[in-house]
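Participant: My questions will all concern the structure given below.
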Amino acid sequence: MDFRWRQERTAEVCDRTRGATLPGRRGWGTIMGRNDPVDPAPLLQLLADGNQRHARGAHRHPHQDVSRRVDLASGQRPWAAILGCSDSRVPPEIVFDQGLGDLFVVRTAGHVCDAAVTASLSYAVVHLHVPLVVVLGHGGCGAVQAALNRRPAEPADCLCTAIEPAIAVARLGPGDLSALTVRFHVQRTVEHVRGALPGLPRADVVGAVYDLASGIVEFLDLLSPLDLAWPPGRMPQ
């Protein structure tokens, strides 16, 4: 995908989040001791701002001093949960330039969401009152590539089985099959997480894709369904 277009589109999404409410939901959480309804849009902006620092190489490394560590010994108060890939190149705390106690992180290969992952996210939403859940995929995902490379005669493991529905959808569109699969797999995972948490305190679940080379996170879930594909006349790369 064209990096300049992606940066402009992501910046537009960030601008729209300032002072806005995410479509369709309002999260409930406990931030800094408050039990009031928490609008997750400003929290998403915190992630976007931290990612912009990461992309520029201007990390602040917040909340990583001794006093923060001591303060958290009595309990954690994360304000966002991240379901991401286990890939060593995509650590959420660095990608979003956050510190101790800020993010509740669950990572599996290909951000595959099984029963243990669902239970972990449920804990974050129900017991820690996290109002925002981000499903973070990334380009060049090894789990996605393994699923793409699997031959029909070969047995499918749980990772391939989880990713193959996204491959089937991606094959219907033009452009790079791997890049499209990552995007559709993120979207499917967002839908799964939303459906797996019925009746719980409401939390916004959004999707995002990280680019390994640029360091930019593109938030997919704030875009319209048409924007989840690609801009007119351009193909994902």
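Participant: State all residues of the stretch 153-209 that are part of a loop (DSSP other than H, G, I, E, B) and within 16 Å of the chain's Cα centre (by Cα); if no residue qualifies, say none.
Facilitator: Ala203
Participant: If I filter the stretch 75-89 for residues that are over 26 Å from Gln187 (Cα atoms) and free of Cβ contacts under 8 Å to residues at least 12 places away in the same chain, do I get at least one hit?
Facilitator: yes
Participant: Additional query: Restricting attention to the stretch 137-185, and to residues there that are touching a Pro at 6+ places or on another chain (Cβ under 7 Å) and of a type in the set (Gly, Ala, Ser), which single residue is most open to solvent (accessible area, probe 1.4 Å)?
Facilitator: Per the stated criteria, the residue is Gly175.
Participant: Right, something else. Can you say whether Pro131 is in contact with a strand residue (DSSP E or B) (Cβ under 9 Å, 6 or more places away or on another chain), modelled with pLDDT under 95 and open to solvent by less than 10 Å² (accessible area, probe 1.4 Å), as far as the supplied structure shows?
Facilitator: When the stated conditions are applied, Pro131 passes them.
The values are calculated or read from the model by the stated rules, or taken from the named source; none is laboratory data. Note that this is a predicted model, so its numbers are computed, not measured. Positions of Cβ are backbone-derived with ideal geometry, glycine not excepted, and every protein chain shown enters the neighbour counts. Quick note on the areas: whole protein, heavy atoms, side chains included, nothing else; ligands and nucleic acids left out. Shrake-Rupley method; radii C 1.70, N 1.55, O 1.52, S 1.80 Å.
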